[in-house]
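Remarks on the structure that follows.
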């Protein structure tokens, strides 16, 4: 069962602004993974990471034009499970799920007033292509 050293970097933006606050989420991690072939054409990859996650929020006051922006980095962990098809091709499709647990939640404030909360636990789905070289 071959173990793989795995690095990850993700960056996501809020789909919509909440209370005029634009948010961005960044995760960096390093960990170990293993890929198991479960058939002729399909493989499953599982990985666990030590992670560092950031929440970055920014807003502008429409009345005064004042801008405020803050970022908070927190340590945590990340788990990922992916299905790969075809498993042996140079180009494969990848579908996956991941869960990130940071060491704490982040309260988002606009000019000192709380407006939203970014949870310490969050999940995500992946769909993409993997090129093996």
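A few comments on the model shown:
- Test: residue in region 15-38 that is free of Cβ contacts under 8 Å to residues at least 24 places away in the same chain and farther than 25 Å from residue 117 by Cβ: yes
- Meets criteria (part of a strand (DSSP E or B), more than 19 Å from residue 124 (Cβ to Cβ) and free of Cβ contacts under 8 Å to residues at least 40 places away in the same chain) for residue 50: no
- Residues that are surrounded by fewer than 16 Cβ atoms within 10 Å (Cβ to Cβ) and closer than 21 Å to residue 28 by Cα within region 44-68 comprise 46, 48, 50, listed in sequence order.
- Checking region 86-102 against the condition returns no match, with no residue being under 19 Å from the mean Cα position of the chain (by Cα), surrounded by fewer than 14 Cβ atoms within 10 Å (Cβ to Cβ) and part of a loop (DSSP other than H, G, I, E, B).
- Exactly one residue among 32, 36, 5, 81 is out of contact with any strand residue (DSSP E or B) (no Cβ under 6 Å at 6 or more places or on another chain), assigned to a strand (DSSP E or B) and surrounded by fewer than 16 Cβ atoms within 10 Å (Cβ to Cβ), and that residue is 5.
- Within region 103-113, the set of residues being in a loop (DSSP other than H, G, I, E, B) and in contact (Cβ under 8 Å) with a residue 12 or more places away in the chain comprises 103, 104, 105, 111.
- Condition broken by residue 58, with the remaining ones in (1) at pLDDT 90 or above; (2) within 23 Å of the chain's Cα centre (by Cα) satisfied: (1)
- Hits in region 114-126 (condition: surrounded by 15 or more Cβ atoms within 10 Å (Cβ to Cβ) and not in a strand (DSSP E or B)): 120
The values are calculated or read from the model by the stated rules, or taken from the named source; none is laboratory data. Fair warning: this is a prediction, and the values are worked out from it, not measured in the lab. All Cβ positions, glycine included, derive from the backbone under ideal geometry; neighbour counts span all protein chains shown.
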